[in-house]
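Remarks on the structure that follows.
The values are calculated or read from the model by the stated rules, or taken from the named source; none is laboratory data. Keep in mind the model is a prediction, meaning the values are calculated, not measured. Neighbour counts run over all protein chains shown; Cβ positions are idealised from the backbone, glycine included. In case anyone asks, the SASA skips ligands and DNA or RNA and just uses the protein heavy atoms, side chains included. Shrake-Rupley method; radii C 1.70, N 1.55, O 1.52, S 1.80 Å.
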Amino acid sequence: YSAVWQGKPQEVFAVVPGTPESRPLGLTPARLVAASATELGVVLLRGFSGGGTLARAPLGAGAPRELAEDVMEADWTADGTAVAAVREVGEREQLEYPLGTVLYETAAWMAYPRISPDGELVAIIDHPVSGDSRGAVVVVDRKGARRTLSPGWNEAFGLAWAPDGRSLYFTAASVGNAQGLY
């Protein structure tokens, strides 16, 4: 997990189940965005904007290997062989999957790219207005075809595929900002 403690920069920590303490992994300032069986996906932060350099960091010890600049968020395929990322390019954000292949672009912002268990779709929360948390749950296939699954949320954050890949879970609010799990 990543966290900010006692006014220090955001960093990545590990905790072993059954033990009371977490240990820092030496990745700071950084935000955890994905994990595979052998590696962590981290964004090495460049400031307060939330974006930075996407890197692979081995579990345990070892230096992170940088993959791409200007990444806001990312996800790994289940086997860790491919990456989906939301990148800032000029005044726009783009969804890339695999990394380097643009599937979708917006003048506003998108969040929580999540690759389906079979690797064929990427789900995102698409926010149509910059700086606004209103949004929709959208899936994009490998050819860039986009389909809105759940539009019109007043606030939308958080997204995960069900293990069978047939449905998505997300948190959102239709009115106000008290979010529920859908």
Notebook entry, point to check: Can you tell me which residues in the range 1-15 are under 11 Å from residue 30 (Cα atoms), open to solvent by 30 Å² or more (accessible area, probe 1.4 Å) and not acidic (Asp, Glu)?
Noted result: 1, 2, 4, 9, 10
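Among the listed residues 58, 113, which satisfies the condition of being at pLDDT 95 or above and not aliphatic (A, V, I, L, M)? Give the steps one after another, and end with the answer.
Details: 58 fails: at pLDDT 95 or above.
On inspection, the qualifying residue turns out to be 113.
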Item checked: Test: residue in the range 29-43 that is open to solvent by 30 Å² or more (accessible area, probe 1.4 Å), farther than 30 Å from residue 166 by Cα and either in contact with a strand residue (DSSP E or B) (Cβ under 6 Å, 6 or more places away or on another chain) or β-branched (Val, Ile, Thr) (or both) -> yes
Notebook entry, point to check: Among the residues of the range 73-90, which ones are surrounded by fewer than 23 Cβ atoms within 10 Å (Cβ to Cβ) and part of a strand (DSSP E or B)?
Noted result: 76, 87, 88, 89
Check: Right, residue 25: within 26 Å of residue 98 (Cα to Cα) and crowded, with 16+ Cβ neighbours inside 10 Å or not?
Finding: no
